[in-house]
Amino acid sequence: MVADVVTMEKLVSLSKRRGFVFPSSEIYGGLGSSYDYGHYGVLLKDNVKQRWLSAMVQERDDIVALDSSIILHPQVWEASGHVGGFTDPLVDCRFCKKRFRADQLDEAQCGQRPSKHPGETDDCDLTEARQFNLMFETRVGAVEETGVPVYLRPETAQGIFINFKNVAQIARRKPPFGIAQVGKSFRNEITPGNFIFRTLEFEQMEMEFFVPPAEADDWYRYWVQTRYDWHRRYGIRESHLRIRPHDADELSHYSSGTSDIEYLFPIGWSELEGVANRGDYDLTAHTQSSGTKLEWVEQDGSRYTPHVIEPALGVNRSMLAFLVDAYDEEVVADRDRTVLRLHPQLAPVKAAVLPLIAKDEGMVAKARALYEELRVVVSAEYDDGGQIGRRYRRQDEIGTPWALTVDEQTLEDDTVTIRDRDSLAQERISIAQARTALLERLAQPWATPKPE
């Protein structure tokens, strides 16, 4: 395996420089583990979500979509076990005033001496471990004293479970079938960090697949492989992706089987996506708590509570993995080049249109006309700032797969140069064929040009 040149520091720098991700509230000193997404970050995130939704819903006939509320009835979280069990053991240091996970002290940095762990210096004065709930609490009601306490959801899954009966009645689906959702979740993590890997608020892409109990194990294995294949489909290198089944002592109380699809981030192997066999725990818990039977009734009158297979992936973390895997550096014509080799369907901009001479009226007119034509069908960008080489480098760092340059020859024969981001190969195509040529390139199978 070829060593990667990417580091988290390089990625953070590029993300801010090119407008992918900014620290949130930066003019006020920032807010820990909170980030804002700039233009290219928004486009990239949207592309990740669209590719997930396409694979889950558009390309299948056994999964439907849902968008549930962020604030749910508080009893939902009591029934699911989040109120009583969604906690972390935490300790405070009376000296440096920082808070740490009690079970991760050997990974944390001392607040005064970063080379040491909490508790390793004479000044450290740690409290006993206490349990802290990870859910953000707020209130519903105009008057604070009489408001009802509610929570910002820590996951999107429960909104799916409590809507099982609604969807089953109107979606004309029977088990096995799934419900997919993309949405914001919130966790009051004490030790978030590593850029957008773990943040206080994040988007999730979760799908709950409801199956007859006897078929659960087969569907669990199916979804582990299917989700692994999805990451490979959009360019994640096989050498940086692996499936790690959980040991028995790692399993959640509701799970009879869980596997993490892990990615080799600059911080090491870490979970990218989890696939869990949740059994009938959730539907049973909400049935008992609400009094509403969340079960499937066959035409012959037989009943059963479906078991659930759950693939769950964070949009932010998925975006980070794609950025890490795409990041590359090389020397071209004695000049350093940084490039994001993103899958074309994920790239925030598919094509850039560049007039070779930004002040040439003829070139500008041709380039603007081509840009206006392309932007109707793909995410395109018009770029006339600076020398052509500098513009190429800028588009390389954004991850734009193709650049179309209007030059002197364009004025003679209505052809443009199309430049490939990865191979740097260039060819002439007619302006009349540019739209078709671009769409054909987008539809072609793609394999990452980075070595394994």
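The values are calculated or read from the model by the stated rules, or taken from the named source; none is laboratory data. Keep in mind that this is a model prediction, so the values were computed, not measured. We place every Cβ from the backbone using ideal geometry, glycine too, and count neighbours over all the protein chains shown. For accessibility, only protein heavy atoms count, side chains too; no ligands or nucleic acids. Shrake-Rupley method; radii C 1.70, N 1.55, O 1.52, S 1.80 Å.
Report, in debye and to the nearest 20, how large the dipole of region 1-74 comes out about its Cα centre when Lys and Arg carry +1 and Asp and Glu carry -1 on their Cβ.
Using Cβ point charges on Lys, Arg, Asp and Glu, region 1-74 gives about 320 debye.
I'd like the accessible area for Val150: 1.4 Å probe, protein heavy atoms, all chains in place, Å² to the nearest 10.
Approximately 10 Å² of Val150 is accessible to the 1.4 Å probe.
With a 1.4 Å probe and all protein chains kept in place, how do Trp52, Trp269 rank by accessible area, largest first? Working shown, then result.
Details: Trp52 0, Trp269 90 Å².
So, going from the largest accessible area down, we get Trp269, Trp52.
Using Cα centres only, tell me the gap between region 329-407 and region 46-125 in whole Å.
The distance from the Cα centre of region 329-407 to that of region 46-125 comes to 39 Å.
What whole-number value in Å² describes the accessible area per residue of the chain for a 1.4 Å probe?
48 Å²
For region 1-152, what's the relative contact order in percent, using C-alpha pairs closer than 8 Å and at least 6 residues apart?
15 percent
In percent, what relative contact order does region 50-129 have, based on Cα pairs under 8 Å that are 6 or more apart in sequence?
About 21 percent, as a whole number.
Of Thr156, Ala216, Ile431, which is farthest towards the positive pole of the chain's charge dipole, taken about the Cα centre with +1 and -1 on the beta-carbons of Lys, Arg and Asp, Glu respectively?
Positive-most Cα among the choices belongs to Ile431.
Return the aspartates and glutamates within reach of Lys366: Cα separation strictly under 16 angstrom, same-chain partners fewer than 8 residues apart disregarded; answer none if there are no such residues.
Of all the aspartates and glutamates, those that pass the test against Lys366 - Cα under 16 Å, at least 8 places apart if same chain - are Glu381, Asp383, Asp384, Asp407, Glu408, Glu412, Asp413, Asp414.
As a quick test, which of the pairs Lys49/Lys293; Lys45/Lys359; Lys45/Lys98; Lys16/Lys116; Lys16/Lys45 have an alpha carbon distance above 24 angstrom in this structure?
Flagged as over cut-off: Lys49/Lys293; Lys45/Lys359; Lys45/Lys98; Lys16/Lys116.
Within region 334-372, report the trypsin sites (Lys or Arg not before Pro) that DSSP leaves as loop and that have at most 12 other Cβ atoms within 10 Å. Could the numbers behind the result be given before it?
Values: sites: Arg335, Arg337, Arg341, Lys350, Lys359, Lys366, Arg368; in loops: Arg341, Lys350, Lys359.
Counting only loop positions with at most 12 other Cβ atoms within 10 Å, the trypsin sites (Lys or Arg not before Pro) in region 334-372 are Lys359.
Charges only on Cβ, +1 for Lys and Arg, -1 for Asp and Glu: so what's the dipole of the chain about the Cα centre, in debye to the nearest 20?
On the way: 54 positive and 72 negative charges, 143 e Å.
Taking the Cα centre of the chain as origin, the dipole is about 680 debye.
Find, among the GluC sites (Glu not before Pro) in region 226-300, those assigned to loop by DSSP (not H, G, I, E, B) with at most 12 other beta-carbon atoms within 10 angstrom.
For GluC sites (Glu not before Pro) across region 226-300 that sit outside H, G, I, E and B with at most 12 neighbouring Cβ atoms in 10 Å, the list reads Glu298.
Hey, if you put +1 on the Cβ of every Lys and Arg and -1 on every Asp and Glu Cβ in region 290-332, which of Ser290, Leu320, Pro306 ends up farthest toward the positive end of that dipole?
Most positive-ward Cα: Ser290.
Please arrange Ile170, Ile27 by accessible surface area, largest first, computed with a 1.4 Å probe and ligands excluded.
Largest accessible area first, the list is Ile27, Ile170.
In deg cm²/dmol, rounded to 500, what helix-only [θ] at 222 nm does the chain give when every DSSP H run of at least 4 residues adds -39500 (n - 2.57) and the total is split over its residues?
-8500 deg cm²/dmol
With an 8 Å Cα cut-off and a minimum separation of 6 or more residues, compute the relative contact order for the chain in percent.
RCO, the chain: 14 percent.
Of the GluC sites (Glu not before Pro) in region 5-86, which ones lie in a loop per DSSP and count no more than 10 other C-beta atoms within 10 Å?
Within region 5-86, the qualifying GluC sites (Glu not before Pro) (loop, at most 10 other Cβ atoms within 10 Å) are Glu59.
What's log10 of I(q)/I(0) for the chain at q = 0.10, 0.11, 0.14 Å⁻¹, Debye sum over Cα points only, no solvent?
Ignoring solvent entirely, the Cα scatterers give -0.86, -0.99, -1.35.
For Leu90, list long-range residues whose amide hydrogen, built 1.01 Å from N in the peptide plane, is under 5 Å from its own amide hydrogen.
Ala102, Arg130, Gln131, Phe132
Mind checking the full-extension length gain between Val297 and Ile27? Use 0.36 nm per residue of separation minus the Cα-Cα distance, one decimal, nm.
91.5 nm
Per-residue accessible area for Ser270 at 1.4 Å probe radius, Å² rounded to 10?
Answer for Ser270: close to 20 Å² accessible.
Keeping the other protein chains in place, figure out the carbon and sulfur percent of the accessible area of the chain, with a 1.4 Å probe.
On the chain, the fraction of accessible area on carbon and sulfur atoms equals 47 percent.
Excluding Arg317 itself, calculate the net charge of residues whose Cβ lies under 10 Å from the Cβ of Arg317, where each Lys or Arg counts +1 and each Asp or Glu counts -1.
Taking every Cβ under 10 Å from that of Arg317, the sum is -2.
Two decimals is fine: what's Rg over Rh for region 32-165, C-alpha atoms, Kirkwood radius as Rh?
Ratio of gyration radius to Kirkwood radius: 1.09.
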